[in-house]
Structure formats: C-alpha cells, structure tokens
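No lab work stands behind these numbers, since they all come straight from the coordinates. Because the structure is a prediction, the values reported are computed rather than measured. Every residue, glycine among them, receives a Cβ derived from its backbone with ideal geometry; neighbour counts consider all protein chains shown.
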Amino acid sequence: GIQVEQSPPDLILQEGANSTLRCNFSDSVNNLQWFHQNPWGQLINLFYIPSGTKQNGRLSATTVATERYSLLYISSSQTTDSGVYFCAVGVWNQGGKLIFGQGTELSVKP
Amino acid sequence: SAVISQKPSRDICQRGTSLTIQCQVDSQVTMMFWYRQQPGQSLTLIATANQGSEATYESGFVIDKFPISRPNLTFSTLTVSNMSPEDSSIYLCSVRSWDSGNTIYFGEGSWLTVV
C-alpha cells in the first residue's frame, strides 16, 4: 500500500516565525489533503491539493505530484496554530479513503 | 461543505461492554468512513460504509468487533463491541463532499476511554 512520511515529527516555534512541513508519499495519488488537529481533537481540512499550489491566508501548500511530495507553509505563526498537522493521501478509485502520515506536532510559543 | 455531528463526544466505558457511536451528516453522501485514532497516534481507517450494502473493513478490523450500520444517506453508526482498554481511542466519522472539490470532512470525534 501507499506509504506516507511526514517531517519533522515535532516542531517548536516562537510566535511570528515561519515553518515548512513536508509530506512524502510512495506512489501516485490523485487525492492529497492537509489537516490540522487542534488540541481538542477536532480535525480541520486545510487544503485539498493533489497538485499545484494553493494559499489561504497565512497558510499555503504545494504538491509536486511527479516527485511525490507536498509542502505546507505556515507564515507568521500564532499560538492558535499549535496542534498536529496531518498529510493524507488516497486514490479516488478506492472511494475516497485516506492514508494518513504520522503527523507533525507543532507548538507555537508566545 | 458538509457538517458532521457525532454522538457521544466523550464517554467512559466499562471493560466488556459495547458502545454505539452515531454520525449524522447535513447532506446526502454516498460513502462514509470510520477512522480510529489511538492516543498519540495517527488516524487509521476502520471501514467504509456504503448505503444499502455491507461495510468494507480494512485489514485488522472485523465486523464482529466493529459492526457498522448505514440505514440512509445521511446517517451511520459504529459499535465498538466487548471493549478493552486497548480500544480507548478517538473514533472519527468522515465523508467526501462532491460539491466542495472532493474535500474530505471529519466529525468532531468520539473520545472513548475504557476502564
């Protein structure tokens, strides 16, 4: 099956700093999504990005499908950005099920 | 978008008992997914629930332990049977929203602690 690796596993930032999270995957996919899980467990969809680049406020993501990786950029980080960021991939002919990476745990200090 | 409600949000359960988690979606969806997240771990798919057919279980998960119902296009239940402390996890319901660019949405999760 498809393998998903995220790096780094942990990241500590001062408020205002920028960061880049990486997701590598082992096979061709046509579904890649980034999620943020807040400290209360709520999982929020950040981007659906099987290829290309998208931006939403201080967050942006880029997926290079041919090289099997995706990057999530967080600029001017805030304490509310803390939590775990998951990359998840899938293939639509499998109905939309996702395979999750192990996540990057981000802690933003004031 | 899709709004997903799960019940219960949290529960403490006795070893050996069973608990049913409900998932309600505000729009009709073809497929619903149930995931498990053990403490400090990532999410793992338990099964895919299609309306009108048997759920499809992933390797390592069986129907006797995690029976699923899907009576209509907006509702599903997952039962965790004969619970042990190893079943202490967050259980999450998920749907795929066709009208939002194939975005996947999750419910708030059901935190189960088995004592």
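Select from A:Thr80, A:Thr62, A:Thr53 the residue whose mean-square fluctuation is largest in a Gaussian network model of chain A (Cα-Cα springs shorter than 10 Å).
A:Thr80
Using only atoms on other chains, find how many Cβ atoms lie within 10 Å of each Cβ of peptide B:32-42 and report the average.
Values: counts 1, 4, 0, 5, 0, 6, 0, 0, 4, 3, 12.
Taking all residues of B:32-42 together, the mean is 3.
Taking C-beta distances below 4.7 angstrom as the pairing criterion, name the unpartnered cysteines of chain B, in sequence order.
Cys with no partner Cβ under 4.7 Å: B:Cys13.
With a cut-off of 8 Å between alpha carbons and a minimum separation of six or more residues, what is the relative contact order of chain B in percent? Mind dumping the intermediate values first?
On the way: 287 pairs, mean separation 42.5, N = 115.
That works out to 37 percent.
What lysines does A:Lys97 reach when the alpha-carbon gap must be under 30 Å and sequence neighbours fewer than 8 apart in one chain are set aside?
A:Lys54, B:Lys7, B:Lys65
Which of the GluC sites (Glu not before Pro) found in the stretch B:1-95 are loop residues per DSSP with 11 or fewer other Cβ atoms within 10 Å of their Cβ? Present the calculation step by step, with values, prior to reporting the outcome.
Values: sites: B:Glu54, B:Glu58, B:Glu86; in loops: B:Glu54, B:Glu58.
Within the stretch B:1-95, the qualifying GluC sites (Glu not before Pro) (loop, at most 11 other Cβ atoms within 10 Å) are B:Glu54.
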